[in-house]
Amino acid sequence: MHYFFAHIDFENQEVILEKEEAHHCATVLRLKQGDLIGVFDLNDTSEKRSIFQAELIRVHKKQCIGKIKTTTLFQSPSISIHLVISPPKNNERLEWLAEKSVELQASVLLFVKSERCIRKNLNIDRIKNILASAAKQSINPILPEIIQFNSLNTLLNSINTKDALYLLLHCEPSGRKIFITPSFLQQIKEKGIQHIYAFIGPEGDWTKEEINLILSTLPNVFEIDLLPTRLRTETAAICILSSLRIILRG
């Protein structure tokens, strides 16, 4: 079944696909009246989102309409995961990271300009399109929010809160690094932590000054040891995100 973002007419129990979504439905996929589609509500921002199954009753490249048949509730995770990323230079790697962040239910992508970050600009519209496409493919109606920061100081001041856990990934030698284990995360859950921030540096890693700044500014911050090998930015992001989601779900 193909999935789309659409407006929901609750009074008439209909879904309305417009613009690019209607074009994709009618012209690219060549769906017809009677075909079933899955739909996410464009205007829903709640923690519990509805996924609709609808039968197409009108198909046109400018607008498609479907009659709602069933509704399923999708619950967002109780603990949100925020990826703090100094984005890689390579577009393909950045886009792959964005795609996988949806599949693994990242809540927020925070892009920050660090000292060793080579990339100057982000194509936010393209990243949003990738997020939407990944949402349809993975049947996840909740897209990560995208926030940009021009400096690490500004970001740290923005996210500093006592009800969050901060995980710092870096390659510098440190005797304080820990592994993420079920018992560690269980202790965190018992403390009522609602948000987890994972810091992933750029090619070349965080500088020592940036590492010290993060450690000295934030409460509840832990240095994390993932694997004995050196990981690319996008690999580290997906590794920490998948580890957290698997353990938290259990």
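Here, each number is a calculation from the coordinates, and none is a lab measurement. In this text the structure is predicted, and so the values were computed from the model without any measurement. Methodologically, a virtual Cβ is constructed for each residue, glycine included, from the backbone with ideal geometry; neighbour enumeration extends over all protein chains shown.
Here are some notes:
- A simple count of charges around D9, restricted to other residues whose Cβ falls under 13 Å of its Cβ and scoring Lys, Arg +1 and Asp, Glu -1, yields -2.
- Charge dipole (debye, nearest 20) of the chain; +1 at Cβ of Lys and Arg, -1 at Cβ of Asp and Glu: 320
- Trypsin sites (Lys or Arg not before Pro) within the range 187-250, DSSP loop, no more than 12 other Cβ atoms inside 10 Å: K191, R230
- With Cα atoms defining each centre, the range 171-219 and the range 18-82 are spaced 38 Å apart in the structure.
- Share antiparallel - DSSP beta bridges, the chain, percent rounded to 5: 45
- Translational D in µm²/s for the range 95-222 (Stokes-Einstein at 37 °C, 0.692 mPa s, Kirkwood Rh from C-alpha pairs): 204
- Debye log10 I(q)/I(0) at q = 0.23 Å⁻¹ for the range 54-102, Cα point scatterers: -0.85
- The range 3-75, relative contact order in percent, only Cα pairs under 8 angstrom and at least six apart counted: 35
- In this structure, the pairs whose alpha-carbon distance is over 18 Å, taken from K177/K208; K100/K177; K32/K69; K89/K120; K32/K61, are K100/K177.
- Of the DSSP H helices in the chain, those whose Cα atoms cover at least 18 Å axially and whose Kyte score averages 0.5 or more: 233-249
- Here's the picture: charge each Lys and Arg Cβ at +1 and each Asp and Glu Cβ at -1 in the chain, and of F5, T161, Q187 the one pushed furthest to the positive end of that dipole is F5.
- Two-site label geometry, E115 and Q33: point separation in nm, points 7 Å out along Cα→Cβ: 6.7
- Checking every one of the chymotrypsin sites (Phe, Trp or Tyr not before Pro) in the range 175-215 against DSSP loop status and a limit of 13 other Cβ atoms within 10 Å picks out F179.
- Per-residue ellipticity at 222 nm, computed for the chain from helices alone with -39500 (n - 2.57) per DSSP H run of at least four residues, works out to -9500 deg cm²/dmol.
- Normalised by 2.2 N^0.38 Å, where N is the number of residues, the alpha-carbon radius of gyration of the chain equals 1.14.
- Positive end of the dipole of the range 3-75 (Cβ unit charges, origin at the Cα centre): among T72, S50, I37, the Cα lying farthest that way belongs to I37.
- Length gained when the stretch R230-I247 is fully extended (0.36 nm per residue, less Cα-Cα span): 3.9 nm
- Fraction in percent of alpha-carbon pairs per bin - 10 Å, the range 3-75: 23, 57, 19, 1
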